[in-house]
Amino acid sequence: MTNFDTAVNVFMSQSISPFMVKVADFISLVGDTKVMLALGLIIGFYFLLVRKWQKSVIIIFSVCSTTVAVTVLKELFTHPRPENALQVLSGWSFPSGHAFMAAAFFTAFIYVCYPYFSSKITRGFFIAFCIASVFLIGLSRLILNVHWASDIIAGWALGVSMAVLSIFFVRYLTIAYPSISKPVSKPRDTVDR
(Lines give C-alpha, C1' and ligand atoms only; values in the text may rest on other atoms or scores of the structure.)
Protein backbone atom coordinates (compact mmCIF):
# COMPACT_ATOMS: atom_id res chain seq x y z
CA MET A 1 0.00 0.00 0.00
CA THR A 2 1.28 3.47 -0.90
CA ASN A 3 0.49 7.05 0.07
CA PHE A 4 -1.28 7.33 -3.29
CA ASP A 5 -3.55 4.41 -2.39
CA THR A 6 -4.39 5.97 0.95
CA ALA A 7 -5.04 9.40 -0.58
CA VAL A 8 -7.43 7.98 -3.19
CA ASN A 9 -9.21 5.89 -0.57
CA VAL A 10 -9.71 8.88 1.73
CA PHE A 11 -10.84 11.06 -1.19
CA MET A 12 -13.46 8.50 -2.24
CA SER A 13 -14.70 8.10 1.33
CA GLN A 14 -15.17 11.84 1.74
CA SER A 15 -16.49 12.70 -1.73
CA ILE A 16 -18.95 10.03 -2.80
CA SER A 17 -22.70 10.42 -2.47
CA PRO A 18 -25.31 7.70 -1.85
CA PHE A 19 -26.39 8.04 -5.49
CA MET A 20 -22.82 7.47 -6.70
CA VAL A 21 -22.63 4.37 -4.50
CA LYS A 22 -25.79 2.97 -6.11
CA VAL A 23 -24.47 3.66 -9.62
CA ALA A 24 -21.10 2.13 -8.73
CA ASP A 25 -22.84 -0.90 -7.25
CA PHE A 26 -24.78 -1.42 -10.51
CA ILE A 27 -21.70 -0.98 -12.73
CA SER A 28 -19.74 -3.33 -10.49
CA LEU A 29 -22.51 -5.93 -10.76
CA VAL A 30 -22.69 -5.67 -14.56
CA GLY A 31 -18.91 -5.74 -14.81
CA ASP A 32 -18.51 -8.71 -12.49
CA THR A 33 -15.81 -11.19 -13.47
CA LYS A 34 -18.37 -13.98 -13.88
CA VAL A 35 -20.44 -11.81 -16.24
CA MET A 36 -17.38 -10.90 -18.32
CA LEU A 37 -16.27 -14.54 -18.40
CA ALA A 38 -19.71 -15.65 -19.56
CA LEU A 39 -19.83 -12.95 -22.25
CA GLY A 40 -16.37 -13.91 -23.45
CA LEU A 41 -17.29 -17.58 -23.71
CA ILE A 42 -20.57 -16.83 -25.53
CA ILE A 43 -18.84 -14.55 -28.06
CA GLY A 44 -15.97 -17.01 -28.42
CA PHE A 45 -18.27 -19.95 -29.14
CA TYR A 46 -20.24 -17.83 -31.60
CA PHE A 47 -17.06 -17.15 -33.58
CA LEU A 48 -16.31 -20.86 -33.42
CA LEU A 49 -19.73 -21.65 -34.90
CA VAL A 50 -19.14 -19.26 -37.82
CA ARG A 51 -15.68 -20.79 -38.41
CA LYS A 52 -13.66 -17.80 -37.16
CA TRP A 53 -11.40 -19.87 -34.93
CA GLN A 54 -8.71 -17.20 -34.49
CA LYS A 55 -11.21 -14.72 -33.08
CA SER A 56 -12.73 -17.47 -30.95
CA VAL A 57 -9.42 -18.48 -29.39
CA ILE A 58 -8.41 -14.86 -28.72
CA ILE A 59 -11.59 -14.13 -26.77
CA ILE A 60 -11.81 -17.45 -24.93
CA PHE A 61 -8.10 -17.59 -24.08
CA SER A 62 -8.16 -13.97 -22.86
CA VAL A 63 -11.00 -14.45 -20.37
CA CYS A 64 -10.05 -17.96 -19.24
CA SER A 65 -6.37 -17.17 -18.68
CA THR A 66 -7.39 -14.01 -16.84
CA THR A 67 -9.60 -16.04 -14.49
CA VAL A 68 -6.68 -18.28 -13.63
CA ALA A 69 -4.17 -15.41 -13.36
CA VAL A 70 -6.37 -13.40 -10.98
CA THR A 71 -6.75 -16.37 -8.63
CA VAL A 72 -3.02 -17.12 -8.64
CA LEU A 73 -1.91 -13.49 -8.18
CA LYS A 74 -4.34 -12.82 -5.33
CA GLU A 75 -2.99 -15.84 -3.44
CA LEU A 76 0.57 -14.83 -4.25
CA PHE A 77 0.36 -11.21 -3.03
CA THR A 78 -2.29 -11.56 -0.26
CA HIS A 79 -2.95 -7.82 0.03
CA PRO A 80 -5.86 -7.01 2.36
CA ARG A 81 -8.78 -4.93 1.17
CA PRO A 82 -9.46 -1.44 2.56
CA GLU A 83 -11.05 -1.53 6.01
CA ASN A 84 -13.65 1.07 5.01
CA ALA A 85 -15.05 -0.99 2.12
CA LEU A 86 -18.77 -0.45 1.44
CA GLN A 87 -19.22 -4.13 0.57
CA VAL A 88 -18.23 -7.10 2.65
CA LEU A 89 -16.10 -9.27 0.37
CA SER A 90 -13.91 -12.27 0.94
CA GLY A 91 -10.62 -12.74 -0.85
CA TRP A 92 -7.57 -10.59 -1.32
CA SER A 93 -7.36 -7.16 -2.89
CA PHE A 94 -4.47 -7.27 -5.40
CA PRO A 95 -5.02 -7.24 -8.31
CA SER A 96 -8.61 -6.18 -8.92
CA GLY A 97 -10.39 -9.05 -10.67
CA HIS A 98 -12.99 -6.65 -12.08
CA ALA A 99 -10.37 -4.34 -13.61
CA PHE A 100 -8.24 -7.26 -14.83
CA MET A 101 -11.15 -9.07 -16.51
CA ALA A 102 -12.71 -5.91 -17.98
CA ALA A 103 -9.42 -4.83 -19.55
CA ALA A 104 -8.72 -8.31 -20.93
CA PHE A 105 -12.24 -8.80 -22.29
CA PHE A 106 -12.68 -5.39 -23.90
CA THR A 107 -9.16 -5.31 -25.38
CA ALA A 108 -9.76 -8.68 -27.04
CA PHE A 109 -13.29 -7.58 -28.00
CA ILE A 110 -11.95 -4.47 -29.75
CA TYR A 111 -9.41 -6.53 -31.66
CA VAL A 112 -11.86 -9.15 -32.95
CA CYS A 113 -14.78 -6.81 -33.68
CA TYR A 114 -13.00 -3.69 -34.99
CA PRO A 115 -12.99 -4.89 -38.64
CA TYR A 116 -16.79 -5.22 -38.63
CA PHE A 117 -17.25 -1.45 -38.32
CA SER A 118 -17.00 0.14 -41.74
CA SER A 119 -16.90 3.83 -40.89
CA LYS A 120 -14.40 5.73 -38.77
CA ILE A 121 -17.22 7.24 -36.72
CA THR A 122 -18.73 3.91 -35.69
CA ARG A 123 -15.26 2.51 -35.00
CA GLY A 124 -14.51 5.53 -32.83
CA PHE A 125 -17.74 5.14 -30.86
CA PHE A 126 -17.11 1.41 -30.45
CA ILE A 127 -13.58 1.90 -29.12
CA ALA A 128 -14.70 4.78 -26.87
CA PHE A 129 -17.49 2.61 -25.43
CA CYS A 130 -15.07 -0.22 -24.66
CA ILE A 131 -12.49 2.06 -23.05
CA ALA A 132 -15.17 3.86 -21.03
CA SER A 133 -16.54 0.51 -19.84
CA VAL A 134 -13.11 -0.59 -18.61
CA PHE A 135 -12.57 2.75 -16.86
CA LEU A 136 -16.02 2.82 -15.22
CA ILE A 137 -15.79 -0.76 -13.97
CA GLY A 138 -12.46 0.03 -12.33
CA LEU A 139 -13.73 3.33 -10.95
CA SER A 140 -16.80 1.62 -9.47
CA ARG A 141 -14.52 -0.57 -7.34
CA LEU A 142 -12.74 2.54 -6.03
CA ILE A 143 -16.03 4.28 -5.23
CA LEU A 144 -17.12 1.23 -3.25
CA ASN A 145 -13.71 1.25 -1.53
CA VAL A 146 -13.29 -2.49 -2.06
CA HIS A 147 -9.90 -1.96 -3.75
CA TRP A 148 -6.87 0.26 -3.51
CA ALA A 149 -6.03 2.40 -6.55
CA SER A 150 -2.92 0.32 -7.25
CA ASP A 151 -5.13 -2.80 -7.46
CA ILE A 152 -7.15 -1.17 -10.23
CA ILE A 153 -4.19 0.20 -12.18
CA ALA A 154 -2.39 -3.15 -11.99
CA GLY A 155 -5.58 -4.94 -13.04
CA TRP A 156 -5.94 -2.72 -16.11
CA ALA A 157 -2.30 -3.20 -17.12
CA LEU A 158 -2.38 -6.97 -16.58
CA GLY A 159 -5.69 -7.33 -18.41
CA VAL A 160 -4.46 -5.50 -21.51
CA SER A 161 -1.26 -7.55 -21.37
CA MET A 162 -3.19 -10.82 -21.16
CA ALA A 163 -5.31 -9.91 -24.19
CA VAL A 164 -2.24 -8.85 -26.19
CA LEU A 165 -0.52 -12.13 -25.30
CA SER A 166 -3.60 -14.01 -26.51
CA ILE A 167 -3.51 -12.11 -29.80
CA PHE A 168 0.20 -12.82 -30.33
CA PHE A 169 -0.34 -16.46 -29.39
CA VAL A 170 -2.99 -16.88 -32.09
CA ARG A 171 -0.92 -14.98 -34.65
CA TYR A 172 2.02 -17.26 -33.88
CA LEU A 173 -0.16 -20.35 -34.40
CA THR A 174 -1.43 -18.93 -37.69
CA ILE A 175 2.11 -18.33 -38.96
CA ALA A 176 3.67 -21.52 -37.56
CA TYR A 177 0.80 -23.74 -38.71
CA PRO A 178 -0.73 -22.10 -41.81
CA SER A 179 -2.90 -25.14 -42.55
CA ILE A 180 -5.03 -24.52 -39.46
CA SER A 181 -5.85 -20.99 -40.58
CA LYS A 182 -7.55 -22.20 -43.75
CA PRO A 183 -11.36 -22.13 -43.64
CA VAL A 184 -13.03 -25.47 -43.14
CA SER A 185 -14.74 -26.50 -46.35
CA LYS A 186 -18.20 -27.95 -46.27
CA PRO A 187 -18.50 -31.62 -47.31
CA ARG A 188 -19.71 -32.17 -50.84
CA ASP A 189 -23.16 -33.47 -51.44
CA THR A 190 -22.67 -37.10 -52.52
CA VAL A 191 -26.33 -37.80 -53.26
CA ASP A 192 -26.95 -38.60 -56.94
CA ARG A 193 -29.33 -36.27 -58.65
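Rounded to a whole number, what % of the accessible area of the range 1-110 do carbon and sulfur atoms account for, probe 1.4 Å?
Working: 4460 of 6140 Å².
Using a 1.4 Å probe with all protein chains present, the range 1-110 comes out at 73 percent carbon and sulfur.
Net charge near S166, counting Lys/Arg +1 and Asp/Glu -1 over other residues with Cβ under 15 Å of its Cβ? It would help to have the intermediate numbers written out before the result.
Details: positive: K52, K55, R171; negative: none.
Value of the local net charge: +3.
Along Cα→Cβ, 7 Å out, is where each label goes; now give me the distance between the ones at L165 and E75 in nm to one decimal.
If labels sit at L165 and E75, their model points lie 1.7 nm apart.
So what's the back-of-envelope 222 nm ellipticity for the chain, counting only DSSP H runs of four-plus at -39500 (n - 2.57) apiece and dividing by all residues, rounded to 500?
Working: 7 runs with 137 residues, N = 193.
It comes out at -24500 deg cm²/dmol, rounded to the nearest 500.
All other residues with a Cβ under 13 Å from the Cβ of L89 taken together, and with Lys, Arg as +1 and Asp, Glu as -1, what is their net charge? Walk me through the intermediate numbers first.
On the way: positive: K74, R81, R141; negative: D25, D32, E83, D151.
Its environment carries a net charge of -1.
Report, to the nearest 10°, how far helix 3-15 tilts away from the longest principal axis of the Cα atoms in the chain, using its own Cα long axis and a range of 0 to 90°.
80
Quote the relative contact order of the range 19-91 in percent (integer), defining contacts as alpha-carbon pairs under 8 Å separated by 6+ residues. Mind dumping the intermediate values first?
Numbers: 27 pairs, mean separation 16.7, N = 73.
Relative contact order of the range 19-91: 23 percent.
First select every other residue whose beta carbon is under 12 angstrom from the beta carbon of D25; then total the charges, Lys and Arg +1, Asp and Glu -1. Could the numbers behind the result be given before it?
Values: positive: K22, R141; negative: D32.
Result for the neighbourhood of D25: +1.
Taking the chain as a Gaussian network, Cα atoms linked when under 10 Å apart, which of S118, S13, S150 shows the biggest mean-square fluctuation?
Fluctuation is largest for S118.
With +1 on each Lys and Arg Cβ and -1 on each Asp and Glu Cβ, how big is the dipole of the chain about its Cα centre, in debye rounded to the nearest 20? Provide the component values of the computation, followed by the final result.
Values: 15 positive and 8 negative charges, 193 e Å.
For this selection, approximately 920 debye.
Leaving out ligands and nucleic acids, note down the accessible area per residue over the range 106-153 with a 1.4 angstrom probe, in whole Å². It would help to have the intermediate numbers written out before the result.
Values: 2290 Å² over 48 residues.
Roughly 48 Å² per residue, with all protein chains present.
³J(HN,Hα) across the range 31-39 via Karplus (A = 6.51, B = -1.76, C = 1.60, θ = phi - 60°), whole Hz, x for Gly/Pro?
Values, residue by residue: x, 4, 4, 5, 5, 5, 4, 5, 4 Hz.
Residue separation times 0.36 nm, minus the C-alpha to C-alpha distance between A157 and F125: what's the value? Could the numbers behind the result be given before it?
Details: separation 32, 0.36 × 32 = 11.52 nm, distance 2.23 nm.
That pair, A157 and F125, stretches by 9.3 nm at full extension.
Would any residue of the range 131-165 have its amide N under 19 Å from a label point 7 Å out along Cα→Cβ of V10? List them or say none.
142-151
At 7 Å along the Cα-to-beta-carbon direction for both L173 and K52, put a label point, then send me their distance in nm to one decimal.
It is 1.6 nm.
Give the total of Lys-Lys pairs in the chain with Cα-Cα distances below 21 Å; include a pair only if its members are 8 or more places apart or on different chains.
7
With every protein chain present, what accessible area does H79 have (1.4 Å probe, heavy atoms only), rounded to the nearest 10 Å²?
Answer for H79: close to 60 Å² accessible.
How many angstrom separate the Cα center of the range 1-23 from the Cα center of the range 87-116?
21
In whole percent, what relative contact order does the chain give with Cα contacts below 8 Å and a gap of six or more residues? Display every interim value, and only then the final one.
Details: 243 pairs, mean separation 59.2, N = 193.
Dividing the mean separation by the residue count of the chain yields 31 percent.
The values are calculated or read from the model by the stated rules, or taken from the named source; none is laboratory data. Everything numeric here is computed off the predicted structure, so don't read it as measured data. Here Cβ is always computed from backbone atoms with ideal geometry, including for glycine, and neighbour counts include all displayed protein chains. Just the protein is used for accessible areas: all its heavy atoms, side chains included, with ligands, DNA and RNA removed. Shrake-Rupley method; radii C 1.70, N 1.55, O 1.52, S 1.80 Å.
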